[in-house]
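The values are calculated or read from the model by the stated rules, or taken from the named source; none is laboratory data. Source: prediction; values computed, not measured. No Cβ is skipped: glycine too gets one built from the backbone with ideal geometry, and neighbour counts run over all protein chains shown. Heavy atoms of the whole protein, side chains included, go into the accessibility calculation; ligands, DNA and RNA do not. Shrake-Rupley method; radii C 1.70, N 1.55, O 1.52, S 1.80 Å.
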Amino acid sequence: MASIDESEAQERIQEIAGKHNLRPDILKDVIEGKSKGMSQKEIAETYGVNRNTVSKYNRKIEEEFSEDDLGDLLIIIGVLLGSAYLLDRLMSD
């Protein structure tokens, strides 16, 4: 996936979510939380999602998503959160 804008990022997350019968908004929240190192409980509390739902999404991500889908989702989260977040993550490692 080359450079994308926010509109393309939203479309791709909808495509990936649809392929796995998941809601795009919850998928985005779970991936965003995971990328921030949050636990399932923290993701559930932060984004207002049931903890069992977070667990289900994590399981699907780990068992069903291709490497391409996972890579695209990480790029998408970077686009949606903005470059300041990515820069902060890079500087803290």
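Within the range 13-28, the residues that satisfy the criterion of being surrounded by fewer than 19 Cβ atoms within 10 Å (Cβ to Cβ) and in contact (Cβ under 8 Å) with a residue 40 or more places away in the chain are Lys19, His20.
Yes/no matrix, rows are residues, columns are (1) at pLDDT below 90; (2) open to solvent by 20 Å² or more (accessible area, probe 1.4 Å); (3) of a type in the set (D, E, K, R); (4) under 15 Å from Glu32 (Cα atoms):
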position	(1), (2), (3), (4)
Tyr47	no, yes, no, yes
Asn52	no, yes, no, no
Glu63	no, yes, yes, no
Glu67	no, yes, yes, no
Gly78	yes, no, no, yes
Leu86	yes, yes, no, yes
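Is it the case that Ile31 is under 21 Å from Gly71 (Cβ atoms), surrounded by 19 or more Cβ atoms within 10 Å (Cβ to Cβ), β-branched (Val, Ile, Thr) and modelled with pLDDT of 95 or more? Taking the combined requirement at face value, the residue does not satisfy it.
Taking the range 7-27 as the range and being within 16 Å of Gly78 (Cα to Cα) and among the charged types (D, E, K, R) as the test, the residues that pass are Glu8, Glu11, Arg12, Asp25.
Of all the numbered requirements in (1) under 14 Å from the mean Cα position of the chain (by Cα); (2) of a type outside the set (A, V, I, L, M, F, W, C); (3) at pLDDT 95 or above; (4) open to solvent by 70 Å² or more (accessible area, probe 1.4 Å), Lys41 misses one, and that requirement is (1).
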